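K.L.:
Encoded as structure tokens, here's the structure I'll be asking about.
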Amino acid sequence: MDHKPRVLFFSTGDSSRSQMAEGFLREFAGDDVIPVSTAVRSPDRSPLAVEVMKEVGVDISHQQAEDVRQTLKEHFSYVISLCDSRKERFPIWPFTRKLFRWSLIDPAVAEGSAEQQREVYRRVRDEISRRVTEFINDTLPQLSVGPPIMQTA
């Protein structure tokens, strides 16, 4: 029986970053992995996260982040923490040895006009797409994928 790797994306803010990462992993790897997302402050994601993901053809509107307390009771093959290392602390995940730390700004705290906030979400989305692609190609080479999905000009 094949073992599908379970990958947890963890965010310290709302679940926008973790759910974008979950959406990309599901899009790129299909049924070969089990992606899960969670967040400390809120399992909710911003409507802007849903919007900018739809721009690149990935629908995360039906995803639901798990409660962080529940994920602490589960085993994951990999835990990927998405935190801004300048402003947030990376947590220690006690039940995995394969912990990745991706320092990404929290787009939920972006200020400015609606369009300026949208641009921050797009930059974070594109960085997550790039990192998920690298994660698959470097860590799960049997699932190798092409270039990351990025917004086109």
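K.L.:
To the nearest 20 Debye, how big is the dipole of the chain about its Cα centre, given +1 on the beta carbon of each Lys and Arg and -1 on that of each Asp and Glu?
P.N.:
Charge dipole, the chain, about its Cα centre: 500 debye, nearest 20.
K.L.:
Two decimals, Cα atoms only, Kirkwood Rh: what is Rg/Rh over the chain?
P.N.:
Radius of gyration relative to Kirkwood radius: 0.94.
K.L.:
Moving to a separate point now. Starting from the Cα of Asp126, step 7 Å along the direction of its Cβ; do the same at Asp44; then give the gap between the two resulting points in nm.
P.N.:
Simple spin-label model gives 2.9 nm for this pair.
K.L.:
If I stretch the segment between Asp138 and Leu72 completely, what's the gain in nm (0.36 nm per residue apart, minus their alpha carbon distance), one decimal?
P.N.:
That pair, Asp138 and Leu72, stretches by 21.2 nm at full extension.
K.L.:
Based on the Cβ-Cβ distance from Thr96 to Glu119, what FRET efficiency comes out when R0 is 35 Å, to the nearest 0.05?
P.N.:
With R0 = 35 Å, the Cβ-Cβ based efficiency is 0.55.
K.L.:
As I understand it, the dipole of the chain uses +1 on the Cβ of Lys and Arg and -1 on the Cβ of Asp and Glu, about the Cα centre. Which of Phe24, Ser42, Ala114 lies farthest toward its positive end?
P.N.:
Ser42
Every number in this text was worked out from the coordinates using simple rules, so none of it is lab data. Every value quoted in this text rests on a predicted model; they were computed, and no experiment measured them. Methodologically, a virtual Cβ is constructed for each residue, glycine included, from the backbone with ideal geometry; neighbour enumeration extends over all protein chains shown.
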